[in-house]
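What follows draws every value from the coordinates through simple rules; no lab data is involved. Keep in mind it's a predicted model, so treat the numbers as computed, not measured. Because the Cβ atoms are built from the backbone with ideal geometry, glycine has one as well, and the counts that use them run over all protein chains shown.
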Amino acid sequence: MNRWLAHPAAKPVVWALLALPFGWLLWSAVQNTLGANPAEALIRSLGDWTLRALCLTLAISPLRQWTGWHQLLRHRRAIGVATFAYGTLHWLAYAWLDQGLEIDALLKDVAKRPFILVGTLAWLLLLPLAATSFNRAIKWLGGKRWQTLHKAIYLIAGLGILHFFWMRSAKSNYAEVLVYAVIIGGLLAWRLRGVWRGGGLRRSVSPG
Ligand code: HEM
C-alpha cells in the first residue's frame with residue numbers, strides 16, 4: 001500500500017476521487033435528478049461531503065499509525081483542501097440558491113438562525129487553515145506556529161457537529177448526527193490519548 005500511495009500517479013487519483021462527489025452532484029443537477037427540492041438537496045449534500053472530508057482529514061494520523069501506511073501523509077493536504085472546497089461550495093450553494101446572493105438577507109439569516117451562525121463560524125475558521133496549507137505559508141509561519149494554528153481543526157469539527165445537530169433539532173432527527181459525533185469524538189479521544197502519554201498534539205498535527 002505504501003508503494004502505491006507514494007506512486008506519482010497516486011496524487012491525481014486522490015484528487016479525482018475527492019472531486020467525484022462534486023462531479024456526481026453537478027451531473028445530477030444538470031440531469032435534474034436531485035429530487036423535488038434540488039436546491040435543498042444540493043446544499044445538504046455539499047454539507048454532508050464537507051463533514052465527511054473533515055472526518056477523513058482527522059482520520060489520517062490514526063490510520064497511519066494503525067496500518068503503517070505512512071505515505072498517507074502525502075495525501076492529507078489534498079483531503080484538507082477538499083474539506084475547504086466542499087465547505088465553500090456548501091456556503092456558495094446556500095448563499096446563491098437560498099438567499100439569492102443578497103448580503104442583507106444573508107446577514108439577517110445569520111442573526112436569525114443560530115445553526116447558520118455556527119456553520120459560518122466553522123467556515124471562517126477553515127479560511128486560515130486553507131490559506132496556510134501551502135509549502136511557502138508553512139515555511140513563513142514556521143512548523144510550531146503552523147501546528148498550533150491547525151489544531152483549530154478540532155474546534156471546526158465540533159462546530160460542524162453543533163451546526164448539524166442544531167439544524168436537525170427542528171425535526172428531532174438525530175441518528176446521522178450521532179454517527180458523525182461518535183466518529184469525531186473517537187478521533188479526538190485518540191489524539192487526546194497522545195497528549196496524556198506525553199506526545200502532545202504536535203506529532204499528529206504536523207505539516208508532513
Ligand atoms: C465546516 C463548515 C460546515 C459543515 C461541516 C457543514 C455541514 C452541514 C451538514 C452536515 C448539513 C446537513 C446535511 C443533511 O441534512 O444531510 C448542513 C446543512 C446546512 N448547512 Fe452547513 N456546514 C458548514 C458550514 C455552513 C455554512 C458556512 C453555511 C451558511 C452560512 C451553512 C448552511 C447550511 C444550510 C442552509 C443547511 C441546510 C439546512 C436546511 O436544509 O434546512 N453550512 N451543513
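Figures for the structure shown
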item	result
Size of electric dipole in segment 2-205: Cβ of Lys, Arg +1 and of Asp, Glu -1, about Cα centre, debye, nearest 20	1300 debye
Over the chain, equivalent-ellipsoid semi-axes from the Cα gyration tensor in Å	30, 21, 17
Phe115-Met1 FRET efficiency (beta carbon distance; Förster radius 35 Å; 0.05 resolution)	0.35
Spin-label proximity, Arg197 to segment 47-74 - amide N less than 12 Å from point 7 Å beyond Cα toward beta carbon	62, 65-66
Calculated from backbone phi, Karplus (6.51, -1.76, 1.60) coupling profile of segment 172-186 in Hz, x at Gly/Pro	6, 10, 10, 3, 5, 4, 5, 4, 5, 5, 5, 4, 5, x, x
Leading residue at positive end of dipole, the chain (Cβ point charges), from Ala111, Ala175, Thr33	Ala175
Stretch gain in nm, segment Ala175-Leu127, where the contour uses 0.36 nm per residue and the Cα spacing is subtracted	14.3 nm
Folded to 0 to 90 degrees: helix 76-93 orientation relative to the chain principal axis, Cα	10 degrees
Net length gained if the chain between Ala10 and Leu188 were fully extended (0.36 nm per residue, minus Cα distance)	61.3 nm
Helical mean residue ellipticity (222 nm; -39500 (n - 2.57) per DSSP H run of 4+; nearest 500) of the chain	-25000 deg cm²/dmol
